[in-house]
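The values are calculated or read from the model by the stated rules, or taken from the named source; none is laboratory data. Because the structure is a prediction, the values reported are computed rather than measured. Here the Cβ is made from the backbone with ideal geometry for all residues, glycine too, and neighbour counts use every protein chain on show. Note: areas computed on protein heavy atoms with side chains; ligands, DNA, RNA excluded. Shrake-Rupley method; radii C 1.70, N 1.55, O 1.52, S 1.80 Å.
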Amino acid sequence: MNGSATSTSRLPSAPQPERVTNGLPSLSLRSKLVLSYLAVALGAIVVLAIAVIAAVYNYYYTAQIRQLQDAAQTYARGVEDFYTYQLGGRWGPFSLRFPVPALLVIVDQNGHQLLCNPPAGFDNQFCSDSTIAQSVARALQGQEVDGHLESSGFKGLYVSVPLYDENSSGHPLIGALLIAQPEASPQRFLSNVTQAILLAGLLIGVAVIIFSLLLARRLTHPLESLTAAVERMKEGDYSQRVDPPPAQDELGRLAQTFNDMADRIEADVAELRRQDQIRRDMIANIAHDLATPLTAIQGFSEALADEVIQEPGARKETAQLIAREVQRLRRLVADIQHMTLLESGRARLDLAPLDLAVLVDETLAVIEPECSQAGITLQNAIDPQTPPVLADSDRITQVLLNLIDNARRHTPAGGSITVGARRLGRMLEVWIRDTGVGIDPIDLPHIFERFYRADRARSGGRGGSGLGLTIVKAIVTAHGGTVAAESTPGKGTCIRFTLPLAPGQEEQKSSSGSGPGRERRDKSGRLLPHAWGYNT
């Protein structure tokens with residue numbers, strides 16, 4: 001698939017856009033991918049660490065509150081039993097004989113403080129804290145209250161519960177109880193958890209870096225190959241291709257698209273270079289075709305002006321030679337203008353139904369004297385019942401004259417030129433076959449190209465401009481048809497072209513040789529040869 005694409009002339013490169021930088025180092029795509037994966041992994045670890053710490057704090061708080069609630073219920077049952085059995089159902093001075101928590105406050109149903117056991121290092125005024133008073137007041141309303149207690153340097157958790165007389169009917173409210181304990185800190189546990197998370201994060205980070213490097217290399221390797229190929233194409237090497245990755249993903253499609261684009265660019269560049277070479281050859285050929293008659297005109301004119309030719313008959317012959325060379329120049333210029341007009345699409349076609357058999361008869365009648373003088377036989381093999389085509393009569397006449405005259409120039413004496421046609425669907429195929437010298441196989445694919453000159457296609461050395469076949473192709477293409485050539489060196493050439501049938505024509509069967517035909521005669525009244533149909 002790779003090929004060499006070298007040339008002596010370089011196509012102009014497009015101007016490169018200026019790159020705007022902000023002074024920061026540019027990171028490669030691989031580095032950006034690795035950093036992106038690492039940032040995602042570290043972000044996930046940070047979020048996980050925050051969630052774990054929050055969960056640990058919540059667990060510790062919930063566990064301590066539950067412990068205090070259980071302890072508060074235990075103390076409440078003890079105080080209620082003491083109220084019933086020791087105090088006889090009436091509050092009075094009392095002291096507890098079981099271990100008490102860091103803070104214990106007991107009030108009666110009227111909110112009067114019965115017992116205050118402050119934390120170590122605090123006096124009884126501590127029990128008058130507003131938080132304690134509000135919590136006890138809510139407990140006297142039958143609510144169980146818990147929360148944080150921060151007062152005078154004490155920081156802990158508390159639970160306040162109501163007290164009931166379980167032995168009296170209706171279980172009346174007899175007071176409230178509040179206990180508090182210093183809040184246990186999970187810092188040691190959290191420190192261990194944090195160390196474990198950091199270690200896991202480090203291991204995960206290393207694993208992410210390794211994995212992201214491998215993945216980024218797999219992703220960026222095709223892009224690096226593609227970039228290198230594009231850089232080489234920028235330098236003019238249009239043979240560059242990339243190997244598509246095995247996976248048919250976006251990168252695979254990108255590589256395949258690049259290869260297709262490179263094929264198209266290489267073909268276009270080769271075509272441009274070929275056209276450039278053709279243009280150079282055309283200029284050289286036109287210069288040659290112009291130089292020959294101009295040299296002759298200059299020489300004859302100088303001979304006449306210097307009176308080198310004195311004899312009247314010779315002077316007249318010289319003037320006629322000058323006129324022929326001028327006419328040759330005019331034909332060359334006219335052919336170039338005609339070809340340019342057709343290829344640019346500005347040529348106007350006068351389309352109308354055209355009887356091709358009659359047109360061929362008329363064309364052969366025009367060129368028949370020259371062919372008779374050269375000993376060449378002309379034959380019209382078109383069925384007279386062939387349906388008409390939709391074409392410009394003058395343009396098709398020019399096509400026929402160019403092809404038949406070109407065949408005449410390369411057909412020796414005793415040879416023949418035959419014109420035939422057959423129907424192909426909605427098109428009519430016309431062929432001109434000669435028994436001339438033929439065309440070299442190397443030249444055959446190029447004889448209809450612009451400005452291509454080969455010995456068989458070139459007629460400039462025999463009175464033509466060398467553009468006849470190019471004009472033929474332009475006219476046929478303008479009618480919506482195609483043109484092709486077949487040739488065997490030493491045996492002859494067959495030129496085929498197609499034209500669209502006129503609208504409204506019905507399908508007709510090919511004649512097999514029976515039925516009436518139209519006689520064809522030359523200017524002297526001699527019956528011309530006739531054939532029905534043509535098999536290829």
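Per the listing 53, 65, the residue uniquely in contact with an Asp or Glu (Cβ under 7 Å, 6 or more places away or on another chain) and over 21 Å from residue 171 (Cβ atoms) is 65. Just to be sure before I move on: is residue 268 assigned to a helix (DSSP H, G or I), surrounded by 13 or more Cβ atoms within 10 Å (Cβ to Cβ) and not aliphatic (A, V, I, L, M) in the structure I sent? Answer is no for this residue.
Checking 315, 346, 395 one by one, the residue that is touching a residue at least 12 places away in the same chain (Cβ under 8 Å) and either closer than 30 Å to residue 419 by Cα or charged (D, E, K, R) (or both) is 395 and no other.
Being of a type in the set (Ser, Thr, Tyr) and either part of a strand (DSSP E or B) or open to solvent by 40 Å² or more (accessible area, probe 1.4 Å) (or both) is the filter here; which residues of region 179-226 pass it? Spell out how you get there, then give the answer.
Filtering region 179-226 for residues of a type in the set (Ser, Thr, Tyr) gives 185, 191, 194, 212, 220, 225.
Within region 179-226, 185, 191, 194, 225 qualify.
The test for being in a helix (DSSP H, G or I) and not polar (S, T, N, Q) holds for residue 278.
Against the conditions (1) touching a residue at least 24 places away in the same chain (Cβ under 8 Å); (2) more than 47 Å from the chain's Cα centre (by Cα), residue 358 satisfies every one except (1).
Contact map, region 119-131: first residue over 15 Å from residue 181 (Cα atoms), second residue not in a loop (DSSP other than H, G, I, E, B), Cβ cut-off under 7 Å, separation 6 or more or different chains; pairs are 124/116; 129/151. There is no residue in region 274-286 that is acidic (Asp, Glu) and over 30 Å from residue 399 (Cβ atoms). Residues satisfying the criterion are present in region 53-65 (criterion: within 18 Å of residue 139 (Cβ to Cβ) and over 60 Å from the mean Cα position of the chain (by Cα)). Among the numbered criteria (1) part of a helix (DSSP H, G or I); (2) touching a residue at least 24 places away in the same chain (Cβ under 8 Å); (3) not aromatic (Phe, Trp, Tyr), which single criterion is violated by residue 58? With (1) part of a helix (DSSP H, G or I); (2) touching a residue at least 24 places away in the same chain (Cβ under 8 Å); (3) not aromatic (Phe, Trp, Tyr) applied to residue 58, the lone miss is (2). Among the residues of region 294-330 satisfying the criterion of being surrounded by 14 or more Cβ atoms within 10 Å (Cβ to Cβ) and closer than 30 Å to residue 479 by Cα, which is nearest to the chain's Cα centre (by Cα)? It comes out as 329.
In the condition set (1) open to solvent by 30 Å² or more (accessible area, probe 1.4 Å); (2) of a type in the set (S, T, N, Q); (3) in contact with a helix residue (DSSP H, G or I) (Cβ under 8 Å, 6 or more places away or on another chain), residue 151 is compliant with all but (1). Taking the conditions exactly as written (in contact (Cβ under 8 Å) with a residue 40 or more places away in the chain and farther than 29 Å from residue 335 by Cα), does residue 307 satisfy them or not? No: the conditions fail for residue 307. Checking the structure you have, find out if any residue of region 86-109 is part of a helix (DSSP H, G or I) and open to solvent by 20 Å² or more (accessible area, probe 1.4 Å). Yes. Residue 141 fulfils the conditions (1) at pLDDT 90 or above; (2) in a loop (DSSP other than H, G, I, E, B); (3) open to solvent by less than 30 Å² (accessible area, probe 1.4 Å) except for a single criterion, (3). Taking the numbered list (1) in a helix (DSSP H, G or I); (2) β-branched (Val, Ile, Thr); (3) touching a residue at least 12 places away in the same chain (Cβ under 8 Å) in turn, residue 242 passes all entries but (1). Among residues of region 328-340 that are farther than 18 Å from residue 288 by Cβ and of a type in the set (S, T, N, Q), those with a beta-carbon under 9 Å from a residue that is at pLDDT below 80 and surrounded by fewer than 19 Cβ atoms within 10 Å (Cβ to Cβ) at least six positions away or on a different chain give the pairs 340/346.
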